[in-house]
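The values are calculated or read from the model by the stated rules, or taken from the named source; none is laboratory data. Since we're looking at a predicted model, the values are computed, not measured. With ideal geometry, Cβ positions are generated from the backbone for all residues, glycine too; neighbour counts draw on all protein chains shown.
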Amino acid sequence: MRKLVACLAMIGGLVALAAPAAQAAPYQGGNYGLYGMEGFYPTQEPCAGTFRLIHSTTWNGIRLKYFYSDVCGSFARIENAPQNSSALLQRSDDGRPEADGWVAESVDPGINYAYTMIGNNLHGRVSRAVLVVDGHQVAWTSWY
């Protein structure tokens, strides 16, 4: 019986090693998800291929990028970023530069980038990209 238990434990450990690493889940707040396309990634149809780079800035070697599509809205991306970093997209409801909703994505283990889901800044709403490191907003774009 002990051999069976030991064998099952070893198989369970091997299965755990073979399982893919968990992906960081997006986090959101305010009224994010209220508007169409929110909750989708920019790589999903019908938005894939419709975005253009609007703004890019660098902080301590980490690049923050803001992308916009007049079909879907916007998203934030960070590159060359450590795991204690997140890309954050803030979105307003009415064109004023203040966040009513937001979505963020942290850097996954083994990679050095992250990008957010779409924020709908169409029809008079505005958004901006923010770089967050160790829980602090350290760089951001203008509101678009």
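Assorted remarks:
- Considering (1) loosely packed, with under 13 Cβ neighbours inside 10 Å; (2) out of contact with any Leu (no Cβ under 8 Å at 6 or more places or on another chain); (3) on the phi < 0 side of the Ramachandran plot, the lone condition that Asn60 does not fulfil carries the number (3).
- Residues of region 34-47 include none that is modelled with pLDDT under 95 and hydroxyl-bearing (Ser, Thr, Tyr).
- Residue that is surrounded by the fewest Cβ atoms within 10 Å (Cβ to Cβ) [pool: residues in region 81-103 that are of a type in the set (Gly, Ala, Ser) and more than 11 Å from the chain's Cα centre (by Cα)]: Gly95
- Subset of region 96-144 that is assigned to a strand (DSSP E or B) and in contact with a Gly (Cβ under 8 Å, 6 or more places away or on another chain) - its residue that is nearest to Asn80 (Cα to Cα): Val103
- Pair list, Cβ under 6 Å, 6 or more apart: region 68-82 residue touching a residue at least 60 places away in the same chain (Cβ under 8 Å), other residue surrounded by fewer than 22 Cβ atoms within 10 Å (Cβ to Cβ) and not in a loop (DSSP other than H, G, I, E, B): Tyr68/Ile54; Ser74/Tyr68
- Region 69-95, residues that are assigned to a loop (DSSP other than H, G, I, E, B), of a type outside the set (S, T, N, Q) and farther than 15 Å from Gly30 by Cβ: Asp70, Val71, Cys72, Ala81, Pro82, Gly95
- Residue tally, condition within 13 Å of Ala87 (Cα to Cα) and of a type outside the set (A, V, I, L, M), over region 60-71: 4
- Qualifying positions in region 55-90 - polar (S, T, N, Q) and either in contact with a strand residue (DSSP E or B) (Cβ under 7 Å, 6 or more places away or on another chain) or within 17 Å of Ile118 (Cα to Cα) (or both): Ser56, Thr57, Ser69, Ser74, Asn80, Asn84, Ser85, Ser86, Gln90
- Residue match in region 45-55 (condition: surrounded by 11 or more Cβ atoms within 10 Å (Cβ to Cβ) and assigned to a strand (DSSP E or B)): yes
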